[in-house]
Amino acid sequence: MKKLILSIALCCAVAGGYAQEATDPTQLLNDGKTALEAKNYQEAFDKLSAYLTQTNNQDSVIAFNCGVCADKIKQPAEAVKYFDIAIQKNYNLANSYIGKVGALKDLQKNDEYVAALKAAMEAVPEKKATFEKMYANFYLTEGLKAQKAKKNDEAAAAYKEVLAIQPDNINALNAVGTLYYAKGAALVQSDLEKAKVEFASAKEYLDKLVPLLSESKPAQKKMLDNANTILTYINSLK
């Protein structure tokens, strides 16, 4: 019986030792770093997130690395959480925002995605062009979706969001200009006065578009010819 009791006590002591090791912040940090260097992202995330929990999320570098690991193992909600910690602590802002907006895009949280891009433009002015491009591409895509769904007002609003930050975006100028032209053309037979209002809006954007286009680029040449044809027709109605 004594041997049995001793054996049980020894097992408990060993188990207790492992439990202590597994929850020791320094050991968690070291194990997490080792796993990260080995590109074992799941283990790295488990260890480093546990370390951050125990240390009240104070380490901005580890929070960023945790965000990267979460992205690698396709846990975007966790990625947002840890990139946010890095952002709040002003660490590696450009990459922290890129990580955050990428995770929000994966989560299809469009409002939060747009808000994060706007925040990034202000917080990281040296990378503003990068975030502006992401913002513009998002609204160009939203505009096309709305057009396909025959929601022309929503489409126009999306294209105007692009132009608010990139006034010379030729894709947005062409899209909104031809959109207004199509609305006007649909009204010509039934209400010429309303058609002229739509054509006037089309002309506003196409007039800005034409000087930006080049005849030496095939795609732009086609866009240029189309814009000039539309403008010629609109001017003939006056």
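The values are calculated or read from the model by the stated rules, or taken from the named source; none is laboratory data. Treat the numbers as computed from the prediction; the structure is a model and nothing was measured. Because the Cβ atoms are built from the backbone with ideal geometry, glycine has one as well, and the counts that use them run over all protein chains shown.
For the reader, a short list of remarks on this structure follows.
Conditions tested, residue by residue: (1) surrounded by fewer than 21 Cβ atoms within 10 Å (Cβ to Cβ); (2) in contact with a Lys or Arg (Cβ under 9 Å, 6 or more places away or on another chain); (3) among the aromatic types (F, W, Y).
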{"residue": "T23", "(1), (2), (3)": "yes, no, no"}
{"residue": "I87", "(1), (2), (3)": "no, yes, no"}
{"residue": "Y91", "(1), (2), (3)": "yes, no, yes"}
{"residue": "K109", "(1), (2), (3)": "yes, no, no"}
{"residue": "A115", "(1), (2), (3)": "yes, no, no"}
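Per-residue answers, yes or no, for (1) more than 30 Å from K109 (Cβ to Cβ); (2) aromatic (F, W, Y); (3) surrounded by 13 or more Cβ atoms within 10 Å (Cβ to Cβ):
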{"site": "E154", "(1), (2), (3)": "no, no, yes"}
{"site": "A157", "(1), (2), (3)": "no, no, yes"}
{"site": "Q189", "(1), (2), (3)": "yes, no, no"}
{"site": "N226", "(1), (2), (3)": "yes, no, yes"}
{"site": "N235", "(1), (2), (3)": "yes, no, no"}
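- Some residue of the stretch 160-183 being out of contact with any helix residue (DSSP H, G or I) (no Cβ under 7 Å at 6 or more places or on another chain), over 30 Å from T130 (Cβ atoms), part of a helix (DSSP H, G or I) and of a type in the set (A, V, I, L, M, F, W, C): yes
- Taking the stretch 86-116 as the range and being touching a Ser or Thr at 6+ places or on another chain (Cβ under 7 Å), not in a loop (DSSP other than H, G, I, E, B) and not small (G, A, S) as the test, only I87 passes.
- Filter result for A79 (closer than 25 Å to N65 by Cβ and in contact with a Gly (Cβ under 6 Å, 6 or more places away or on another chain)): yes
- Out of E198, E161, E132, E215, sole residue that is surrounded by 14 or more Cβ atoms within 10 Å (Cβ to Cβ) and more than 30 Å from S96 (Cα to Cα): E198
Condition check ((1) of a type outside the set (K, R); (2) under 20 Å from the mean Cα position of the chain (by Cα)) across all residues:
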{"position": "N137", "(1), (2)": "yes, yes"}
{"position": "T141", "(1), (2)": "yes, yes"}
{"position": "K151", "(1), (2)": "no, no"}
{"position": "A158", "(1), (2)": "yes, yes"}
{"position": "I165", "(1), (2)": "yes, yes"}
{"position": "L173", "(1), (2)": "yes, no"}
{"position": "L179", "(1), (2)": "yes, no"}
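- Taking the listed residues K238, K145, the one that is on the phi < 0 side of the Ramachandran plot, in a helix (DSSP H, G or I) and either at pLDDT below 95 or not assigned by TED's automatic domain parsing to the domain that holds N95 (or both) is K145, with no other qualifying.
- Residue within the stretch 30-38 that is modelled with pLDDT of 75 or more, β-branched (V, I, T) and over 27 Å from S96 (Cα atoms) present: no
- Pairs, first in the same structural domain as Y159 (by TED's automatic domain parsing) in the stretch 203-224, second in a loop (DSSP other than H, G, I, E, B) and at pLDDT 95 or above, C-beta under 6 Å, six or more apart: L212/D168
- Among the residues of the stretch 210-220, those identified as part of a helix (DSSP H, G or I) and modelled with pLDDT under 90 are P218, A219, Q220.
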